[in-house]
Amino acid sequence: MADGEFVPHGTPPPPIPQKAPDDWSPYRNRIEFEVAEFAFKKCHMSAKNLDFLCDLMAASLAKHRDTPPFTDHKDLYNVIDATQLGDVPWQSFLVQYTGEYPKVVPPWMNDEFEVWYRDPCAMAHNILANPTFKDEINYAPFREYNALDDMR
């Protein structure tokens, strides 16, 4: 249904609205986006190192009465979490060990853990529906061989 009206079977989805070239939302600008991508995706920087980097940027920008892209790792994580990924919401559940306990019980066996995830089926659907990947996915099964395995 489009706007509450049924559409004919096989109708392609409407085009994805194009963002303005200067729209980096939820980031305020390109610098915020680049810092987040570099620190989180390319370097897999720890929270402690992110805080150190944010402090360095804050110190260097203070003389210009400017602020760093992020105040600390929590600020960065909040902006990353606000990034829309095909509108698949975050979900969570709690898990706790329920097996037999050994004589010496490690502390984690009594703890409860929160697991956060996005629905993998919905994520796969959004990836396949993304026009960026049009003509980039080979749907036919294939098997990749290694010549060294054949010599054994």
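Within the set of pairs 6 or more residues apart or between chains, which connect a residue that is touching a residue at least 12 places away in the same chain (Cβ under 8 Å) and closer than 18 Å to Q84 by Cβ inside the stretch 9-35 to a residue that is among the hydrophobic types (A, V, I, L, M, F, W, C) and exposed (fewer than 14 other Cβ atoms within 10 Å of the Cβ) with Cβ atoms less than 8 Å apart?
If the second residue must be among the hydrophobic types (A, V, I, L, M, F, W, C) and exposed (fewer than 14 other Cβ atoms within 10 Å of the Cβ), the pairs left are P13/A129; P14/A2; P26/A82.
Hey, can you tell me all the residues within the stretch 13-42 that are touching a Phe, Trp or Tyr at 6+ places or on another chain (Cβ under 6 Å) and among the aromatic types (F, W, Y)?
Filtering the stretch 13-42 down to residues touching a Phe, Trp or Tyr at 6+ places or on another chain (Cβ under 6 Å) leaves 24, 27, 30, 33.
Of everything in the stretch 13-42, those that are touching a Phe, Trp or Tyr at 6+ places or on another chain (Cβ under 6 Å) and among the aromatic types (F, W, Y) turn out to be W24, Y27, F33.
Checking the structure you have, find out if any residue of the stretch 121-143 is modelled with pLDDT of 85 or more, under 30 Å from the mean Cα position of the chain (by Cα), among the aromatic types (F, W, Y) and surrounded by 10 or more Cβ atoms within 10 Å (Cβ to Cβ).
no
Looking for something of a type in the set (S, T, Y), farther than 30 Å from Y97 by Cβ and assigned to a helix (DSSP H, G or I) - is there at least one such residue anywhere in the stretch 128-137? Steps first, please.
Pass one, the stretch 128-137, residues of a type in the set (S, T, Y): 132.
Now narrow it down to the ones that are farther than 30 Å from Y97 by Cβ: 132.
Add one more test, that the residue is assigned to a helix (DSSP H, G or I), and what stays is 132.
Yes, the stretch 128-137 contains at least one residue that is of a type in the set (S, T, Y), farther than 30 Å from Y97 by Cβ and assigned to a helix (DSSP H, G or I).
Could you tell me whether K41 is part of a helix (DSSP H, G or I), under 20 Å from W116 (Cβ atoms), within 25 Å of the chain's Cα centre (by Cα) and among the basic types (K, R)? So that I can check it myself, show each step before the final result.
On the way: part of a helix (DSSP H, G or I): yes; under 20 Å from W116 (Cβ atoms): yes; within 25 Å of the chain's Cα centre (by Cα): yes; among the basic types (K, R): yes.
Yes.
With the condition kept exactly as written, say whether any residue in the stretch 24-33 is farther than 19 Å from R118 by Cα and in contact with a Lys or Arg (Cβ under 6 Å, 6 or more places away or on another chain).
yes
Just one of I16, I31 is of a type in the set (V, I, T), surrounded by 10 or more Cβ atoms within 10 Å (Cβ to Cβ) and modelled with pLDDT of 90 or more; which is it? Explain how you work it out, then say what you get.
Details: I16 fails: modelled with pLDDT of 90 or more.
The unique qualifying residue is I31.
Please specify each residue of the stretch 97-127 satisfying the condition of being among the acidic types (D, E) and not in a loop (DSSP other than H, G, I, E, B).
Of all residues in the stretch 97-127, those among the acidic types (D, E) come to 100, 111-112, 114, 119.
Of everything in the stretch 97-127, those that are among the acidic types (D, E) and not in a loop (DSSP other than H, G, I, E, B) turn out to be E112, E114.
Filter the stretch 77-105 for residues that are surrounded by 10 or more Cβ atoms within 10 Å (Cβ to Cβ) and touching an Asp or Glu at 6+ places or on another chain (Cβ under 9 Å); which is farthest from P17 (Cα to Cα)?
Y97
Tally the residues that are of a type outside the set (A, V, I, L, M, F, W, C), more than 15 Å from the chain's Cα centre (by Cα) and surrounded by 11 or more Cβ atoms within 10 Å (Cβ to Cβ), restricting the search to the stretch 106-120. Talk me through it step by step, then tell me what you get.
Here is the first cut: in the stretch 106-120, the ones of a type outside the set (A, V, I, L, M, F, W, C) are 106-107, 110-112, 114, 117-120.
Filter again for more than 15 Å from the chain's Cα centre (by Cα), leaving 106-107, 110-112, 114.
Then keep just the ones that are surrounded by 11 or more Cβ atoms within 10 Å (Cβ to Cβ); that gives none.
The total comes to 0.
Please determine whether any residue of the stretch 46-69 is of a type in the set (A, V, I, L, M, F, W, C) and either within 30 Å of N130 (Cα to Cα) or in a loop (DSSP other than H, G, I, E, B) (or both).
Filtering the stretch 46-69 down to residues of a type in the set (A, V, I, L, M, F, W, C) leaves 47, 50, 52-54, 56-59, 61-62.
Adding the requirement that they be either within 30 Å of N130 (Cα to Cα) or in a loop (DSSP other than H, G, I, E, B) (or both) leaves none.
No: the stretch 46-69 contains no residue that is of a type in the set (A, V, I, L, M, F, W, C) and either within 30 Å of N130 (Cα to Cα) or in a loop (DSSP other than H, G, I, E, B) (or both).
Matching residues to (1) of a type in the set (G, A, S); (2) in contact with a helix residue (DSSP H, G or I) (Cβ under 9 Å, 6 or more places away or on another chain):
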site	(1), (2)
A59	yes, no
R65	no, no
P69	no, yes
N78	no, no
Q84	no, no
Q91	no, no
Q96	no, yes
E100	no, no
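The values are calculated or read from the model by the stated rules, or taken from the named source; none is laboratory data. Computed from a predicted model, the values in this text were never measured in an experiment. Neighbour counts are summed over all protein chains in view; Cβ atoms, including those assigned to glycine, are modelled from backbone coordinates with ideal geometry.
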